[in-house]
Amino acid sequence: AQTVTQSQPEMSVQEAETVTLSCTYDTSENNYYLFWYKQPPSRQMILVIRQEAYKQQNATENRFSVNFQKAAKSFSLKISDSQLGDTAMYFCAFMKHATGNTPLVFGKGTRLSVIA
Amino acid sequence: DTGVSQDPRHKITKRGQNVTFRCDPISEHNRLYWYRQTLGQGPEFLTYFQNEAQLEKSRLLSDRFSAERPKGSFSTLEIQRTEQGDSAMYLCASSLSMVRGTEAFFGQGTRLTVV
């Protein structure tokens with residue numbers, strides 16, 4: 001079974017600064033995907049960024065980038081130029097690909113507060 | 001299509017009552033997932049469907065929980081004889097099964113409070 005661990009329950013960052021959220025996972029699978037999802041207060045969860053395990057290049061999406069270390073089973077999220085709207089719960093998630101996409105396995109989340 | 005919708009958004013029920021939640025996925029998505037999220041935790045997978053077929057139900061929390069997707073479109077999650085421990089946010093998500101690594105789109109959830 002896969003597990004996802006987020007060791008930082010809460011973090012805060014000053015507006016315009018950079019913050020890194022940590023995630024480690026455990027799996028014996030070779031074919032999988034990793035995600036960071038954002039859940040703003042009282043709003044639905046949305047995808048921030050996705051990484052394919054077979055790609056060595058780290059994914060980037062505007063101010064969001066990941067540091068994917070496959071051997072170490074580490075998948076951290078870096079948010080640059082933090083904005084007030086980045087305040088949310090952030091969940092790291094794992095998905096293996098078998099006969100089609102499979103249910104996500106989530107970590108417990110990191111609550112990020114961006115301070116003006 | 002405005003995304004995944006869930007109804008109701010909030011439900012307060014007395015212990016022992018039955019409740020049913022509805023999820024309408026994005027119309028072209030053939031996979032539909034149910035998760036439960038308790039305070040301070042990440043979503044926990046419950047069950048999922050491909051079209052009308054339920055692919056996994058062993059993760060449903062007890063035999064009081066059941067889910068259906070009768071025509072491969074909307075889905076319902078029913079909890080019978082609710083207990084206080086069932087109080088949680090119930091999330092629905094949908095995706096395309098064979099687009100590799102595609103994201104799951106989530107609804108806003110149904111918050112259940114059992115009193």
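The values are calculated or read from the model by the stated rules, or taken from the named source; none is laboratory data. Note that this is a predicted model, so its numbers are computed, not measured. Using ideal geometry, Cβ is built from the backbone for each residue, glycine included, and neighbour counts are taken over all protein chains shown. Side chains are part of the model used for accessible areas, which takes the heavy atoms of the whole protein and leaves out ligands, DNA and RNA. Shrake-Rupley method; radii C 1.70, N 1.55, O 1.52, S 1.80 Å.
Computed from protein heavy atoms with a 1.4 Å probe, the total accessible area buried between B and A is close to 1900 Å². Listed values for the range B:62-74 are Karplus-derived 3J(HN,Hα) couplings in whole Hz (6.51 cos²θ - 1.76 cosθ + 1.60, θ = phi - 60°), namely 6, 6, 7, 9, 8, 9, 9, 8, x, 10, x, 10, 6, and x replaces Gly and Pro. Taking all protein chains as shown and a probe of 1.4 angstrom, A:Glu15 keeps an accessible surface of around 80 Å². Backbone amide hydrogens, once placed in the peptide plane, bring B:Leu46 within less than 5 Å of B:Trp34, B:Tyr35, B:Arg36, excluding anything fewer than 5 places away on its chain. Summarising the overall dimensions of the protein assembly as shown from its C-alpha atoms, the Rg and Dmax are 17.7, 52 angstrom.
Take the Cβ-Cβ distance between B:Ile12 and B:Val99 as r, set R0 to 30 Å, and report the resulting FRET efficiency rounded to the nearest 0.05. So, using R0 = 30 Å, E works out to roughly 0.20.
When the Gaussian network model of chain A links Cα atoms closer than 10 Å, the mean-square fluctuations of A:Gln57, A:Gln39, A:Gln83 top out at A:Gln57. Can you give the FRET efficiency to the nearest 0.05 for A:Gln56 and A:Ser80, using r as the Cβ-Cβ distance and R₀ = 25 Å? E(calc), rounded to 0.05, equals 0.70.
The dipole here belongs to chain B: it is taken about the Cα centre, uses +1 on the Cβ of Lys and Arg and -1 on the Cβ of Asp and Glu, and is about 320 debye. Of the options B:Ser73, B:Ser95, B:Gln84, report the single residue whose Cα projects farthest towards the positive end of the charge dipole of chain B (beta-carbon charges: Lys, Arg +1; Asp, Glu -1). Result: B:Gln84, furthest along the dipole toward the positive end. In the complete set of protein chains, residue-level accessible area for B:Asp63 is approximately 130 Å², probe 1.4 angstrom. Among A:Tyr54, A:Tyr32, A:Tyr90, the residue with the largest mean-square fluctuation in a Gaussian network model of chain A, with springs joining Cα atoms closer than 10 Å, is A:Tyr54. Along the axis of the charge dipole computed for chain A (Cβ charges of +1 for Lys and Arg, -1 for Asp and Glu, origin at the Cα centre), the listed residues A:Ser12, A:Gln83, A:Val66 are led at the positive end by A:Val66.
Inter-chain Cβ neighbour count for A:100-113, averaged per residue, equals 6 (cutoff 10 Å, partner chain atoms only).
For the range B:1-90, the set of trypsin sites (Lys or Arg not before Pro) satisfying both a DSSP loop assignment and a count of at most 10 other C-beta atoms within 10 Å is given as B:Lys14, B:Lys71. Note that chain B carries a Kirkwood radius of 14.1 Å, evaluated over its alpha carbons pair by pair. Projecting the Cα atoms of B:Phe45, B:Asn18, B:Ala104 onto the charge dipole of chain B (Cβ charges, centred on the Cα centre) puts B:Asn18 farthest toward the positive pole. Picking from B:Leu60, B:Leu39, B:Leu96, which is most flexible by a Gaussian network model of chain B using Cα springs under 10 Å? Maximum fluctuation in the GNM of chain B, among the listed residues, is at B:Leu39.
Largest to smallest in accessible area, the residues A:Lys73, A:Lys38 fall in the order A:Lys73, A:Lys38 (1.4 Å probe, all protein chains included). Across chain A, the relative contact order, built from alpha-carbon pairs under 8 Å that are at least six residues apart, equals 37 percent. All C-alpha pair distances within the range A:1-111, sorted into 10 Å bins from zero, spread as 14, 50, 29, 6, 0 percent across the bins.
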